[in-house]
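Have a look at the structure below, then the notes.
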Amino acid sequence: MFYEKIICSRFNISLCSFYSKSQFNVGVSPGFVLNSFYVGYQFGDFVPYIGLQFLSGSVTSTHSYDDFDNNGNRVHFEDKEEISGNIFMPYLGVKYFALKEKDLKGYVNFCLFKPLVSLEEKYNGEINQDLKSTMDKLSILGFDLGIGAEYFLSKQFSIGGEFGVHLFWFNFDIENTRLVYNPTTGESEPLPDNWKNKLNLTSTFTKIILNYYFN
């Protein structure tokens with residue numbers, strides 16, 4: 001009974017110490033192309049988090065010209081092409097503080113993300129349905145692996161830097177049929193004509209992170 005009380009008391013002390021280090025935190029990482037924002041919750045030395053990156057853009061091209069119709073009349077024409085696209089990149093990750101030295105903490109970071117790409121083309125107001133169906137067949141998955149450090153200017157606010165590796169996997173599958181002449185029947189038959197395309201990309205990255213930890 002005496003040892004059970006000791007074990008229970010030590011467990012309670014450890015549990016209280018664990019939760020005393022638990023706190024919500026938010027962070028932003030400004031970048032040249034993509035800016036990211038995340039929300040996390042610290043459990044001891046672990047910080048699981050979720051976040052989002054977003055990129056949007058559009059291009060418009062207008063071609064104006066004059067021509068003559070069949071009656072010799074001068075007519076003005078204008079063609080307009082519009083291309084717009086969005087990239088939503090939700091991600092899920094975990095950061096582990098492995099080293100501590102006063103106000104400086106070193107960590108390792110793992111992050112899994114799923115980019116969602118949409119692209120639309122309009123020519124004189126008419127949507128290119130072929131491009132839309134093609135983009136629906138594109139699948140992208142990636143993850144980051146990085147190491148970094150945070151310097152705590154106060155108990156709540158820190159500024160950090162990170163170096164790591166991006167890995168991307170692109171899959172683009174096209175399933176079609178084509179008519180093939182069958183010499184046995186003397187007729188053409190639809191047969192599968194499929195393409196499977198894969199692309200892997202790896203790149204390094206550096207980023208600055210601003211973090212705020214709630215009490």
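Things to note:
- Residue check, LEU112 surrounded by 13 or more Cβ atoms within 10 Å (Cβ to Cβ) and of a type in the set (A, V, I, L, M): yes
- Some residue of the range 37-52 being without any contact (Cβ under 8 Å) to a residue 40 or more places away in the chain, surrounded by 14 or more Cβ atoms within 10 Å (Cβ to Cβ), of a type in the set (Phe, Trp, Tyr) and touching a helix residue (DSSP H, G or I) at 6+ places or on another chain (Cβ under 9 Å): yes
- Qualifying residue in the range 159-179 (condition: in a strand (DSSP E or B), acidic (Asp, Glu) and either within 17 Å of the chain's Cα centre (by Cα) or at pLDDT below 90 (or both)): yes
- Here the condition is being more than 21 Å from ALA149 (Cβ to Cβ) and in contact with a Lys or Arg (Cβ under 8 Å, 6 or more places away or on another chain); of SER56, SER29, SER61, SER118, it holds for SER61 alone.
- Pairing each residue of the range 127-145 that is over 29 Å from VAL165 (Cβ atoms) with any residue that is basic (Lys, Arg), provided the two are 6+ apart or on different chains, yields C-beta distances under 9 Å for ASN128/LYS122.
- Candidate set: the range 144-153, residues that are surrounded by fewer than 18 Cβ atoms within 10 Å (Cβ to Cβ) and under 20 Å from the mean Cα position of the chain (by Cα); chosen: the one farthest from LEU116 (Cα to Cα): ILE147
- Restricting attention to the range 178-215, the residues that are surrounded by 11 or more Cβ atoms within 10 Å (Cβ to Cβ) and among the small types (Gly, Ala, Ser) add up to 1.
- Counting the residues of the range 180-215 that are under 30 Å from the mean Cα position of the chain (by Cα), outside any loop (DSSP other than H, G, I, E, B) and not polar (S, T, N, Q) gives 12.
- Qualifying residue in the range 62-74 (condition: in contact (Cβ under 8 Å) with a residue 24 or more places away in the chain and in contact with a strand residue (DSSP E or B) (Cβ under 6 Å, 6 or more places away or on another chain)): no
The values are calculated or read from the model by the stated rules, or taken from the named source; none is laboratory data. Note that the coordinates shown come from a computational prediction; the quantities given were computed from them, not determined experimentally. Here Cβ is always computed from backbone atoms with ideal geometry, including for glycine, and neighbour counts include all displayed protein chains.
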